[in-house]
Amino acid sequence: MVYVVDDDASIRDSLSLMLGLGGYSTRLFADAESLLAAFRDDWAGCVVADLRLPGMSGLELQKCVRERGSAIPFVIVTAHGDVPAARAAFRAQAVDFIEKPFDDAQLRGAIETAFRLELSRIDSIQASRADAQKLASLTEREREVLDHAARGLHGKEIALALGISPRTVEVHKSRIMAKLRVRNIAELVRFAVAADALGPKGPDGSG
């Protein structure tokens with residue numbers, strides 16, 4: 001979905017027609033406040049916003065959306081481009097800053113870039129969720145073994161730390177690798193290092 005924010009009705013209509021012919025669905029807004037009122041956290045796609053809008057500007061809109069925790073890409077368009085505004089847009093991670101009148105191909109190219117970024121972002125989110133589900137399948141003891149492995153401890157050291165036998169540690173490692181679907185210790189350690197950002201360390205939610 002491409003969310004178009006422009007106070008000029010003729011521009012909104014022409015963009016909707018152009019993007020529709022290119023296979024994109026659109027939603028049109030006359031100002032930033034209208035988009036924010038309708039905004040949902042699960043929106044995906046791209047926002048094409050005019051820099052100068054009645055009330056909140058396109059850059060202020062982008063800031064508000066970011067503050068809500070959304071990384072949906074923005075393309076800023078304007079008839080009043082200047083270097084400071086362009087720099088501000090890119091510092092806020094806008095995909096592009098396009099001056100009016102713009103070439104349709106230029107805008108389509110920016111939107112295509114935005115959609116590639118969105119697909120990558122969504123894939124990353126889905127991968128993180130899958131990893132979190134795998135971690136949730138571990139027992140409390142398996143998570144302890146995993147945490148020790150992430151700190152670089154070897155089997156005997158883990159056994160000593162946890163008060164279990166080295167053979168039991170190896171059994172746990174084997175089960176952990178099967179549950180996490182990793183092929184070797186290096187992948188196991190990589191998964192363990194990333195695990196701190198994926199959620200609680202044990203079934204009771206403790207860290």
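The values are calculated or read from the model by the stated rules, or taken from the named source; none is laboratory data. What you see is a predicted model, and the numbers here were worked out from it, not measured in a lab. Please note: Cβ atoms are built from the backbone with ideal geometry, for glycine as well, and neighbour counts cover all protein chains shown. Note: areas computed on protein heavy atoms with side chains; ligands, DNA, RNA excluded. Shrake-Rupley method; radii C 1.70, N 1.55, O 1.52, S 1.80 Å.
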| Quick one: residue 124 ticks every box in (1) closer than 30 Å to residue 169 by Cβ; (2) of a type in the set (S, T, N, Q); (3) within 17 Å of the chain's Cα centre (by Cα) bar one, so which box is it? | (1)
| Answer residue from segment 88-111, given it is touching a strand residue (DSSP E or B) at 6+ places or on another chain (Cβ under 9 Å) and open to solvent by 50 Å² or more (accessible area, probe 1.4 Å) and is nearest to residue 24 (Cα to Cα) among those | 106
| Identify, please: which residue in segment 50-67 is touching a residue at least 12 places away in the same chain (Cβ under 8 Å) and among the acidic types (Asp, Glu) and is, among those, least open to solvent (accessible area, probe 1.4 Å)? | 50
| message | Cβ-Cβ under 8 Å, sequence separation 6+ or interchain: first residue in segment 170-186 and closer than 14 Å to residue 144 by Cβ, partner in a helix (DSSP H, G or I) and open to solvent by 70 Å² or more (accessible area, probe 1.4 Å). Which pairs? | response | 172/141; 173/185
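Scan 88, 32 and give me the residue that is over 16 Å from residue 6 (Cα atoms), touching a residue at least 12 places away in the same chain (Cβ under 8 Å) and not acidic (Asp, Glu).
88
So which residues in segment 4-27 are more than 18 Å from residue 100 (Cα to Cα) and in contact (Cβ under 8 Å) with a residue 12 or more places away in the chain?
Filtering segment 4-27 down to residues more than 18 Å from residue 100 (Cα to Cα) leaves 20-27.
22, 24, 25, 26, 27, listed by residue number.
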| field | Search result, residues across segment 112-158 that are closer than 30 Å to residue 72 by Cα and open to solvent by less than 30 Å² (accessible area, probe 1.4 Å) | value | 114, 118, 135
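Condition first: within 16 Å of the chain's Cα centre (by Cα) and of a type in the set (Ser, Thr, Tyr). Now tell me which residues in segment 127-164 satisfy that. Write out each step before concluding.
First, pick out the residues of segment 127-164 that are within 16 Å of the chain's Cα centre (by Cα): 127-132.
Answer for segment 127-164, where residues must be within 16 Å of the chain's Cα centre (by Cα) and of a type in the set (Ser, Thr, Tyr): just 128.
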| task | Looking at (1) out of contact with any Pro (no Cβ under 9 Å at 6 or more places or on another chain); (2) open to solvent by 40 Å² or more (accessible area, probe 1.4 Å); (3) part of a helix (DSSP H, G or I); (4) not acidic (Asp, Glu), find the lone condition where residue 80 falls short. | result | (3)
| note | Counting only residues in segment 165-176 that are more than 29 Å from the chain's Cα centre (by Cα) and open to solvent by less than 40 Å² (accessible area, probe 1.4 Å), the one farthest from residue 188 (Cα to Cα) is identified as 169
| message | Can you report the number of residues in segment 1-49 which are at pLDDT 95 or above, of a type in the set (Val, Ile, Thr) and open to solvent by 10 Å² or more (accessible area, probe 1.4 Å)? | response | 1
| Among residues of segment 45-65, those that are aliphatic (A, V, I, L, M) and farther than 15 Å from residue 75 by Cβ, counted | 1
